[in-house]
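The values are calculated or read from the model by the stated rules, or taken from the named source; none is laboratory data. As the structure is a prediction and not an experimental result, all values here were calculated from the model. In this analysis, Cβ positions are derived from the backbone assuming ideal geometry, glycine residues included, and neighbour counts consider all displayed protein chains. Ligands, DNA and RNA are stripped out before the accessible areas are found, and what is left, the full protein with its side chains, is counted by its heavy atoms. Shrake-Rupley method; radii C 1.70, N 1.55, O 1.52, S 1.80 Å.
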Amino acid sequence: ESDAGDYTCVCGDKQSTASLTVHALPVLFKEKLKNEEVQEGASVSLRCELTKAAPVQWKIGSKVLKASDKYQTRQAGTTAELVIHDLEVKDA
């Protein structure tokens, strides 16, 4: 999308200009989340990969997760990761 704009070819005192429009592709999951089974008290890392960098939001059910001592989120380029520490049965 950042390549969109007016481009001009100049030759001496002559020029030709064209407008370029770039239609953005939707963000898709390249690698989806995988089911995990982990022991109580341990930590788990949930990771997914997108087709292009985009902001993500982590949820459990309808509740949005906020970064805390329990939930750690990271995003590097197209990879998003949620680490859940000190797992409890209610975290399933």
Return the total of residues in region 1-22 being closer than 30 Å to E81 by Cβ and either of a type in the set (S, T, N, Q) or more than 19 Å from the chain's Cα centre (by Cα) (or both). 3
Of the numbered conditions (1) under 24 Å from E1 (Cα atoms); (2) touching a Lys or Arg at 6+ places or on another chain (Cβ under 9 Å); (3) assigned to a loop (DSSP other than H, G, I, E, B), E49 satisfies every one except a single condition; which is it? (3)
For region 35-46, which residues satisfy the criterion of being touching a residue at least 12 places away in the same chain (Cβ under 8 Å) and part of a loop (DSSP other than H, G, I, E, B)? V38, Q39, E40, G41, A42, S43
Scanning region 63-92 for residues that are within 19 Å of E49 (Cα to Cα) and aliphatic (A, V, I, L, M), which turns out nearest to the chain's Cα centre (by Cα)? A80
Please verify whether V38 is open to solvent by less than 90 Å² (accessible area, probe 1.4 Å) and in contact with a strand residue (DSSP E or B) (Cβ under 6 Å, 6 or more places away or on another chain), treating the condition exactly as stated. yes
Just checking, how many residues over region 50-60 are open to solvent by 50 Å² or more (accessible area, probe 1.4 Å) and within 15 Å of the chain's Cα centre (by Cα)? 7
Hey, among the residues in region 61-81 that are touching a residue at least 12 places away in the same chain (Cβ under 8 Å) and part of a strand (DSSP E or B), which one's surrounded by the most Cβ atoms within 10 Å (Cβ to Cβ)? A80
Any hit, region 3-26, residues being surrounded by 12 or more Cβ atoms within 10 Å (Cβ to Cβ) and of a type in the set (F, W, Y): no
